[in-house]
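No lab work stands behind these numbers, since they all come straight from the coordinates. Predicted, not measured: the structure shown is a model, and the values here were computed from it. Because the Cβ atoms are built from the backbone with ideal geometry, glycine has one as well, and the counts that use them run over all protein chains shown.
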Amino acid sequence: MTKDTQLPALKSAPPAPAPVPPAAQAAAAGTAATFDVRQLNVWFGSHHVLRNVSLEILPKAVTAIIGPSGCGKSTFLRSLNRMHDLVPIARVEGRITLFGEDLYGRGVDATLVRRRVGMVFQKSNPFPTMSVAENVTVGLRLNGLRQKDLLLERMERSLRMAALWDEVKDRLNANALSLSGGQQQRLCIARALAIEPEVLLMDEPASALDPLATAKIEELILQLKQDYTIVIVTHNMQQAARISGHTAFFYLGELIEFDQTNRIFTNPKQKQTEDYVTGRFG
Amino acid sequence: MNRWYHHWRKIKSSGVSALCLICAVVVIAPLAFVLFDCLKKGASSLDLAFFTQLPNPPGESGGGMANAILGSLTLLGLAGLIGIPVGVLGGIHLSEFGSPRMNWAVRFAADILNGTPSIVWGIVVYALVVLPITGYSAYAAGLALGFMMIPLIIRTTEEMLVLVPNSYREAAFALGIPHWRIVLNIVLKTAGKGIITGILLAAARVAGETAPLLFTALGNDSWSHNLSQPIEALPHKIFIYATSPYGDWVRQAWAGALVLILFVLALNIGVRLMTRGSAPHLAR
């Protein structure tokens with residue numbers, strides 16, 4: 001798995017070792033897929049946004065979702081933690097399981113799903129009325145955790161995991177908005193990590209950041225991959241190539257191709273994928 | 001040709017600018033007149049006795065409006081007990097929970113109620129509460145003022161909550177926080193200053209209402225120890241004094257008007273200072 005992450009962004013790169021199909025790889029590792037998505041369809045009103053998407057997302061790996069704007073990338077990501085429940089006109093059909101449990105099954109509480117599946121958004125959105133420390137612990141506090149020492153411990157650990165601790169340890173009580181853009185985004189990652197989710201969804205987490213901050217976020221993603229399943233939507237194909245093990249290419253609401261990242265970028269099976277990754281459209 | 005056109009455009013521009021300036025002055029002028037007049041006629045009657053003593057009988061000079069000032073504050077408190085919880089919770093419902101159809105009905109009702117003349121509130125409370133239940137009382141007057149506050153607070157609360165960017169709600173939902181917690185600890189907190197602003201403006205608005213009090217509070221010349229008895233209020237006292245034939249009372253009415261307008265002005269200035277502080281929260 002780690003080999004994928006060293007994949008050069010250039011398309012002229014030598015072909016990577018023989019790819020193993022995701023399912024076989026999961027079986028080899030002795031673990032089932034984190035997410036198993038079957039025949040997922042999403043509508044917003046009468047607009048059919050996602051069509052018959054099926055794929056498996058492997059544990060402790062980075063899966064990138066790429067595709068042109070409006071292709072359903074974010075819609076796909078948001079169906080993994082039931083964010084569409086918040087949109088009255090959204091309708092989701094199909095089956096998504098998280099470690100074998102049906103996320104959309106009868107009696108499944110969407111709130112509990114979201115505690116297991118964390119999310120980081122495109123635009124950093126720390127809560128403006130809270131300090132740095134309060135932002136990190138808010139998920140725990142508002143879910144009923146009261147013990148101060150435990151909160152402090154989780155806060156420090158989350159900030160360390162988000163590679164932010166050293167930068168903010170002296171101003172934990174400062175307003176979260178006083179941090180720089182890149183720091184705010186890492187704060188949001190720390191906030192998502194604090195509730196100890198099993199999966200981290202990231203919706204273009206670095207698209208609003210400068211290259212240096214982007215590099216930090218990418219480094220962080222590679223770190224987090226050792227403990228978390230990460231699904232990341234990105235517009236930046238170099239980024240997908242740098243950090244992901246598998247890549248899914250979406251186009252017009254359909255999953256066109258899903259394979260190891262090196263194959264998607266060096267030897268795609270579909271013409272549309274090739275056109276997109278070589279910059280012919282999108 | 002071109003040059004002439006350019007000149008004509010300049011003339012039009014300055015004409016419209018001048019018109020705007022005149023309208024702006026028309027807005028400010030009444031406030032200046034009212035303040036100036038109240039100051040001129042009322043300031044001389046403002047003394048410690050005005051704030052601390054009960055009214056004297058007609059013909060006797062001196063005395064004050066202490067009971068009316070305290071009464072007004074009492075009525076504002078009672079009105080707030082009704083208007084603030086109902087208004088704020090109603091506004092939360094509109095912004096966070098309501099279905100579109102229900103929201104339309106509530107907004108429509110609130111807007112109609114906002115435009116309802118205050119004398120109508122007085123008559124309604126008189127007919128439905130004063131006559132059958134309470135008699136003239138502080139409770140009835142507080143109820144009338146409280147009902148007037150509800151539509152004002154509902155609408156401002158809703159507007160403030162709608163201003164809270166959805167990205168905060170999404171972030172909170174994505175943390176698996178229950179909906180009611182999100183509303184209480186994140187959305188309300190973010191909009192907090194705006195909502196308090198709305199409450200203060202509503203209070204300022206009803207503080208000067210007189211018509212509903214005629215039917216409910218009745219007024220008196222002593223301290224009010226019992227809220228189920230008639231109570232005096234500043235605007236009502238001003239009305240009684242200003243229309244009386246006694247020179248001393250009329251002077252005190254001017255002083256009362258000055259106090260009332262300064263109170264409303266202070267509330268508004270307080271609101272300005274507060275909203276200046278809250279701007280960065282929402283301006284992101």
TODO: With +1 on each Lys and Arg Cβ and -1 on each Asp and Glu Cβ, and nothing else charged, work out how big the dipole of segment B:67-282 is about its Cα centre, in Debye to the nearest 20.
DONE: 480
Task: Distance between segment A:91-131 and segment A:179-234 - C-alpha centres, whole angstrom - done: 16
Task: ³J(HN,Hα), Karplus 6.51/-1.76/1.60, whole Hz, each residue of segment A:232-241, x for Gly, Pro - done: 10, 8, 8, 8, 9, 5, 4, 5, 4, 5
TODO: Taking amide H positions as placed in the peptide plane 1.01 Å from N, state which residues far from B:G219 in sequence (5 or more) or on other chains have amide H under 5 Å from it.
DONE: B:I231
TODO: Take every Cα pair under 8 Å in segment A:198-282 that's 6+ residues apart, average their separations, divide by the length, and report that relative contact order as a whole percent.
DONE: 21
Open item on the list: If amide hydrogens are placed 1.01 Å from N in the peptide plane, which non-local residues have theirs closer than 5 Å to the one on A:I65?
Closed with: A:I232, A:V233, A:T234, A:A248
Open item on the list: With θ taken as phi - 60° and the coefficients 6.51, -1.76 and 1.60, list the Karplus ³J(HN,Hα) couplings across segment B:188-196 in order, rounded to whole Hz; mark glycine and proline as x.
Closed with: 4, 5, 5, 8, x, 5, x, 5, 4
Task: Residue order, fewest to most beta carbons within 10 Å, for A:T278, B:T197, A:T34 - done: A:T278, B:T197, A:T34
- [ ] Please tell me the relative contact order of chain B in percent, rounded to the nearest whole number, where contacts are Cα pairs under 8 Å and at least six residues apart.
- [x] 26
Open item on the list: With θ taken as phi - 60° and the coefficients 6.51, -1.76 and 1.60, list the Karplus ³J(HN,Hα) couplings across segment B:129-136 in order, rounded to whole Hz; mark glycine and proline as x.
Closed with: 10, 5, 5, x, 10, 8, x, 4
Task: Between segment B:35-80 and segment B:116-145, the alpha-carbon center distance in angstrom - done: 24
Task: Among A:263-274, A:116-127, the order from most to least packed when residues are scored by Cβ within 10 Å on average - done: A:116-127, A:263-274
- [ ] Between B:A191, B:A68, B:A266, find the one with the highest GNM mean-square fluctuation for chain B; connect C-alpha pairs within less than 10 Å.
- [x] B:A266
- [ ] Give the long-range amide H neighbours of A:M119: residues separated by 5 or more places, or on another chain, with amide H under 5 Å away, using H modelled in the peptide plane at 1.01 Å from N.
- [x] A:L201
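Taking neighbour Cβ counts within 10 Å as the exposure measure, how do B:D248, B:D111 sort from fewest upward?
Lowest to highest Cβ neighbour count: B:D111, B:D248.
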TODO: Measure nothing but the geometry: give the 0 to 90° angle between the long axis through the Cα atoms of A:132-141 and the longest principal axis through the Cα atoms of chain A, rounded to 10°.
DONE: 80
Task: Unit charges on C-beta of K, R, D, E only; dipole of segment A:23-277, Debye - done: 360
